[in-house]
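Taking it in order: structure first as structure tokens, then the write-up.
What follows is calculated from the coordinates using simple rules that are stated; it is not laboratory data. Predicted model, so just to flag it, every value in this text is computed and none were measured. Methodologically, a virtual Cβ is constructed for each residue, glycine included, from the backbone with ideal geometry; neighbour enumeration extends over all protein chains shown.
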Amino acid sequence: MIHVIGDVILDRYINGSVDRVSPEAPVPVVNKSSQENKLGGAGNVASILSDFKAPLKVWTSFAHDSVGEIVSDLLLHRKIDVHNFQKSEVSTCKTRILAGGQQIVRLDEEKKSSPISEDELNLMVSQINSGDRVIISDYNKGLLPALENFLYALRRKNVETYVDPKGVDFSKYRNCFLIKPNIKELGLVTFASQEIETDLKVRHLMQNSGADVCLLTKSAEGMSLYDSKSKQDFEIIPSEVYDVTGAGDTVIAALVFARFKQLNLTNAASFSNYCAAYAVTKIGCAEMNISELSKIMSNHQSFIDILPNTKE
């Protein structure tokens with residue numbers, strides 16, 4: 001089973017058109033045509049895994065408010081098992097207003113939640129079995145405390161843990177198996193000299209987090225996979241980019257799904273690279289269309305073999 005632990009967010013998209021500027025202020029007037037709600041944050045990670053038909057469970061927190069009800073319904077619709085720690089006073093919602101496919105403004109509703117307690121961390125450890133995979137999807141909403149002891153307990157159970165980090169102190173994730181910062185997040189980490197090259201920054205980050213592996217996503221420059229001795233680069237797969245929303249979620253979800261299906265790390269990273277290239281061609285957090293993925297992966301039979309059968 002794959003366990004997703006972290007901040008579930010409601011991504012709300014309001015679509016419309018702009019024909020005039022407001023007489024009240026120099027801003028566009030959006031004539032609303034439709035509205036769509038999607039799972040974001042750790043919820044997007046879970047949605048992608050659901051598209052892959054992976055067995056999974058989500059450990060998160062959302063409030064008993066109108067947004068929380070929508071989040072609960074979206075998870076239920078996808079038949080995703082969820083444990084709600086109920087640490088939140090307000091469920092996080094990001095409302096994006098778009099016109100002509102372009103985002104004009106984003107409205108955020110959020111309030112920091114209380115962190116998961118030690119007893120609750122121990123509960124999760126007891127429910128995660130040897131050979132399971134765990135994704136830590138941290139969006140810095142207050143839910144996740146320092147996880148060193150939790151990750152150590154999972155390491156002892158032979159559970160691979162994958163972290164999508166936030167913040168500047170990656171020691172919070174000490175004892176994880178793999179950490180996946182993007183190039184911007186790497187740049188926010190404080191080093192003795194900010195002028196040192198990227199590879200040295202990654203090595204420092206791996207030492208600080210105790211990670212065995214680092215997957216660094218570099219936007220238009222692709223990705224790099226580091227272990228204790230080597231580095232492998234993955235060039236970006238050409239695609240017509242429409243929206244990078246949720247691309248990082250796609251990378252970590254696809255990577256862990258591939259590992260769950262027993263692909264080695266190199267092939268799992270390559271698989272996730274293809275999935276990310278597909279995701280950015282869609283507006284918002286993209287669903288994984290298995291038929292379309294099969295076409296762009298047509299030269300990689302081992303990738304196609306792990307995709308769910310669309311005829312089932």
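Could you grab the relative contact order for segment 69-155? Cα pairs under 8 Å, six or more apart, rounded to a whole percent. Each step should come with its number before you reach the end.
Numbers: 69 pairs, mean separation 20.6, N = 87.
RCO, segment 69-155: 24 percent.
Taking Cα atoms only, the orientation of helix 42-51 departs from the longest principal axis of the chain by about 80 degrees. Once the chain from Val105 to Asn122 is taken as fully extended at 0.36 nm per residue, the excess over their C-alpha distance is 2.1 nm. Extents of segment 1-88, taken as max minus min of Cα coordinates on every principal axis and listed largest first, are 54, 29, 17 Å.
Between Ser230 and Ser34, what is the label-to-label distance in nm when each label sits 7 Å out along the Cα-to-Cβ direction? Result for the modelled spin labels: 4.6 nm. When Rg and the Kirkwood radius Rh are both evaluated on Cα atoms of the chain, their ratio Rg/Rh stands at 0.97. Exposure proxy ranking for His83, His3, His300, based on other Cβ atoms within 10 angstrom of each Cβ and starting from the fewest, stands as His300, His83, His3.
Between the helical axis of 66-77 and the dominant principal axis of the chain, each derived from Cα atoms, what acute angle in degrees is found, rounded to the nearest 10? Tilt of helix 66-77: around 60 degrees. Between segment 116-169 and segment 49-67, the alpha-carbon centres lie 16 Å apart.
The angle separating the long axis of helix 247-260 from the principal Cα axis of greatest extent in the chain is about 40 degrees. Going from the fewest other Cβ atoms within 10 Å to the most, the residues Cys275, Cys93 appear in the order Cys93, Cys275.
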